[in-house]
1. Filter the range 168-210 down to residues that are out of contact with any Leu (no Cβ under 9 Å at 6 or more places or on another chain) and not in a helix (DSSP H, G or I) and give me whichever is modelled with the lowest pLDDT.
2. Suppose we keep only residues that are touching a Phe, Trp or Tyr at 6+ places or on another chain (Cβ under 8 Å) and crowded, with 24+ Cβ neighbours inside 10 Å within the range 368-381. Which one would you say is farthest from residue 119 (Cα to Cα)?
3. Please state which one of 829, 813 is loosely packed, with under 15 Cβ neighbours inside 10 Å and either among the hydrophobic types (A, V, I, L, M, F, W, C) or farther than 18 Å from residue 714 by Cβ (or both).
4. Can you name the residue in the range 358-367 that is in a loop (DSSP other than H, G, I, E, B) and surrounded by fewer than 17 Cβ atoms within 10 Å (Cβ to Cβ) and is also modelled with the lowest pLDDT among such residues?
5. Taking the stated definitions as given, is residue 794 touching a strand residue (DSSP E or B) at 6+ places or on another chain (Cβ under 6 Å), closer than 16 Å to residue 617 by Cβ and surrounded by 17 or more Cβ atoms within 10 Å (Cβ to Cβ)?
6. Pairs, please: C-beta under 9 Å, at least 6 apart or cross-chain, first residue free of Cβ contacts under 8 Å to residues at least 40 places away in the same chain and in the range 358-379, second aliphatic (A, V, I, L, M)?
7. Only one of (1) out of contact with any Ser or Thr (no Cβ under 7 Å at 6 or more places or on another chain); (2) at pLDDT 75 or above; (3) outside any loop (DSSP other than H, G, I, E, B) fails for residue 223. Which number is that?
8. Under 22 Å from the mean Cα position of the chain (by Cα), surrounded by fewer than 16 Cβ atoms within 10 Å (Cβ to Cβ) and farther than 28 Å from residue 636 by Cα: is that true of residue 279 in this structure?
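The values are calculated or read from the model by the stated rules, or taken from the named source; none is laboratory data. All values derive from a computational prediction rather than experimental measurement. With ideal geometry, Cβ positions are generated from the backbone for all residues, glycine too; neighbour counts draw on all protein chains shown.
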Amino acid sequence: MFVTQKSSRRSTGCQGCRKGRVKCGEERPRCRRCTRKNIDCRYPDPLDNFRNENSKTANRAAALWRQRASKQDEDESTTDDDKSVASPEVDYSSTTCRSLELDNVESSALQLFFRDYGCHSRILSPWIGLFQMLPKLFERAPRNSPTSHAILAVALAYQERKHKVSGSEVPARTEYSKAIQGINAQLQSQERAPINEILASICLMSQFELILPSSTKAKPHPESRLAHMYGAIAMVQRVEAQARAQVIDTRVLNLIFLQMTINCLNGRLRPPLSLDSWIGRLNFSMPGPTLLCAMYRIAQWQADVDEAIQGTHCFDPETNIRNLIMMMQVEDAELEIWESSLPFHYHYQTRPVSPHDHAVLQWPGAPHMLYEYSSCLPAVPRTLCFAARIILNQSLLRCCTWMSTWSPKEEEWPFQCAILKENIAAMVSSISRSVNAVLNEFLQPPGDDHRGGQPGVDVPGLRGVVMMWQLSVASVAMDDPDILKRVGDERSLWLQSVLDHRLQRIATEPTFHPAIFNIEKSGAPLADGLILFTPSIENTTAIGARDFVADMIMTDDGELVWHDPKFEISGNLFAQTLNGKSVLTHWTRKIFSELENMTAILFIPGAWITKAFYEPFLQALTIAGYDVHYAGYPSLDPKEPSKTDCHADTEALTAVLRSLVEDEGKDVLLFMHSYAGMPGAAAATALAKSQRVQEGKLGGVIGLLFLGAFIVPEGLSCAGLQGGNLPPWILLDMPSVNLNIVDDPINNLAADVDSARAQTLLANLKPHATLAFTSPQPHPAWADEALRGRLAFIVTTEDRAVPKEAQFGMMAATQQSWIVKELASSHCAPFLNQIDETVALIREILDQVL
C-alpha cells in the first residue's frame, strides 16, 4: 500500500530565522524578530527558492534568470545619462536598502541622492569617486552605524533642498547629529575604527553643511565645513603616524586633499598633509591627478612667497623670490600645455549666447560667447585649471611687484606685471564663458558617443558646487583695479551675481522653527522636537523625550543659543531638570551671533625661535576650530641689528594687528610667548574692542594672553627689568656684534623635553638683536582701562629662562587683575610635548574672557 507523501511547503522566511530554525513572520523589509534582535534581515532570492524544487519550477526559474540577465545586459548598454533622463523612477532601493528599515521619505531620498550624485556611474573620476563608494558602504553598514546616518543625512538634506520634499529637514538633522555621535563613540572606543567609513562619513557631513547649513542664514557655513575638513586631516595624520596603519581608500583621500588644497589656496596657508603620502596612490594616466598635484604646489609656493616677502626666516629674500618666480613660470607653462592636451571628452565647443540659454546669461555683463561642455563634470578640470592659474599668476604678480621695488633699475618687472594681469583677466574671461555648464538644468547627454571611452554623465546634485570655488577666485581677482579695468565693471558685477545665484541654489534656509518657549517667561518647558544641530563632536547632550542629541536650540523668534552638558548655554541661557524635564530658568537676551566662536588668535613668537618651531602648535589650534594668525617681527634674525629695537618690533606687529581688526573687523586674542610680551602688548594700544565699540567700529582686541612672557612697564627695557644686565646664558655679540644667541638651549628652554623632540628647537633657532632687549618698552595696552579684566597669563612653573617667581612678580607689579593658569613645563615645552594641555588652557581662558 502506497501512501502519498505530503510535500513540505518551501520556506520563504528570512535567512536569519531559517538559520535559527524559528518561524519567520515575513514582514518586509525586516521581519519582527530581526528588528527586535537588531540583526540583519535578508530574504533569499525568490529564484533560488524555485531553482531546484522540481523540474517544472526549475525550468521556470531558468527562464526567469535568462530574463533577468537580459535586462541587466540592456541596462549595461545604456549610459548613465540615458538612465537618469529616461527612467527617473529606477528603484535602487531594492539593491542598496534591502537590509535596512527605511520609511518612504528615506527610501525616496536615497534613490534621488544616488541618482543625482552619480553614485551608480561607472566612469573613473576623482571628482565623484567618494560618491561611487556610497551604495556599497550603505548596503553593508548596520542601520545604526555612523556611515548609514551620514549618508541618510545628506540624502534627506538634498531631497529637502533640491526637490522641496517637506518633512525632510528634521530627519536630516537628526541623522546628521547621530552620525557625529557615532563617529565620536567609534574614535573613543578601544577597537580599531574603520578608517574609510569614518573619513567618508566626515566628508559627507561637510557636504551636508553645504546643502543644509546649521545657520539661520541661507548660505553655506564655512566654519562648519572647515571643522569637518580639519577633523579629516587630523585623522589622516594619525593613520600615517601609526606603525601598522590602515590603508585609506584613494577615492576618499582624493576628496580630502582637494578640499584641503582649495582651503589653503583661499587662506594662503601651507598644506598640512604631505604630498608624498598621496602622490604614490594616484593614476597619472588620467588628467585629474596632474592638476591636483599642481594645485598643491601652487598652495605651497603661495605660502613661500608670503614668507619670503615678509622676511620670515629667509636669509636672502631676493634669491628666494627669483627662484620662486622661475618655478612658478614653469608650472604655469605646464598647466597651459596640460589644458590643451586634455582628452576629447573634456573638450568644449564655442558658441554665441542664444535666447534659449539660462536667464542669468541674458543679464548685463554676461559673456557673448560660451564654452559648451557635454555636461557639468567635463567642465571641472578645465575650470579648476583656470582658477589655479589665476592664483598662480597672482603669486607671480606679487613677486614681480616686489622685485620692481627691490631692483627698480631692472626694467623687465613692470613689463612682466602687465603680462601677468592680462593672463589673469583672460582666465577670468574663460571662467565666465564656462558658467553655462552649471547654469543649464537640463543638459543633453552625449548619447552613444562616449568621447574617447568616457561616458557623458551629468550629476545634477553636484552641478551647483563644481564651479563655486572657480567663480569665487575670479570674483576676488577683480579686487585688483588694473584687472577690474581689463575685465570691466559690468562683467565683475555679473560674476558676483552668478556667485550669489549659485549660493542661493546650493544652500537652504532652515525652515524648522517650532515654538519652543516664550523668552519672557521663566520656567517655560523645552518642548520635544525643538532641536537643531551643529557639527561639534564635543558639548553634546540629550534633551527632550525623543532623546535627540544636540548642541543648538532655536527660540521661537529664530534666535539660536548654544547648549553644553552642564545645562549652561554660553552664559545667556540656563536650564535645569524639573520633574524629569528640562526647563528654562534664566535668559539674558544675548543673540547667537555674539556667542559664535569667531575669535581670531594672533600668535607672536618668543626671541630666537622661528615660525617653523611653532607650526605643530598653530596647527593644533587650527584643528581645534580657531582662526589662527601668526605675526613675526624684525629683531628675530635681523638684517640691521643696530637699528632693530622694541619700537621697530611694535610697529611691525601693529601693522598685522590693525589689518585683522580694522580691515577684517575681527575680534582678536593676542597670544604672546616670552619676549613677545613687550612689543605685543604695545601693538594692542588703542585697539581694544570695548574702546572701538564706543566709537561705532567693528572688531578689536578682546584680550592679552601671555605665556612665560615679559610684562615690562613703559620706559623700562627687558635688561633694565633684570637689574640692567641680561642673564649669562644669553651670549652677547654672537655670532656677530649687536646679536645674541642662547647658550645650551635645551637645558635653558626645554629641559623637560626628550632629546629627540628637543632637536626641533635646536633646528629652529636664529640670532636675535640685542637692542630689542636693551631698548625701552613702548606704552603697553595691559595698563589701559579698556582691557581691564581681559588679561591672562599661563605660568610655566618649571621655567629656567623666565622663572615662575619672576612671572608672578611681573603680574603683581602691574596692579591689574589677571586670569592665571599654571602649566608644569619649561619655557618651550608647551609647544613641544604639552600642546594638547596648552590648547585646553587657551580654551578655558577664552571662555572666561568672552
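1. Across the range 168-210, the extreme among qualifying residues is 190.
2. Among residues in the range 368-381 that are touching a Phe, Trp or Tyr at 6+ places or on another chain (Cβ under 8 Å) and crowded, with 24+ Cβ neighbours inside 10 Å, the one farthest from residue 119 (Cα to Cα) is 373.
3. Among 829, 813, only 813 is loosely packed, with under 15 Cβ neighbours inside 10 Å and either among the hydrophobic types (A, V, I, L, M, F, W, C) or farther than 18 Å from residue 714 by Cβ (or both).
4. This residue is 363.
5. The answer is yes for residue 794.
6. 359/439; 362/353; 368/353
7. Evaluating residue 223 over (1) out of contact with any Ser or Thr (no Cβ under 7 Å at 6 or more places or on another chain); (2) at pLDDT 75 or above; (3) outside any loop (DSSP other than H, G, I, E, B) leaves (2) as the failure.
8. It is true that residue 279 is under 22 Å from the mean Cα position of the chain (by Cα), surrounded by fewer than 16 Cβ atoms within 10 Å (Cβ to Cβ) and farther than 28 Å from residue 636 by Cα.
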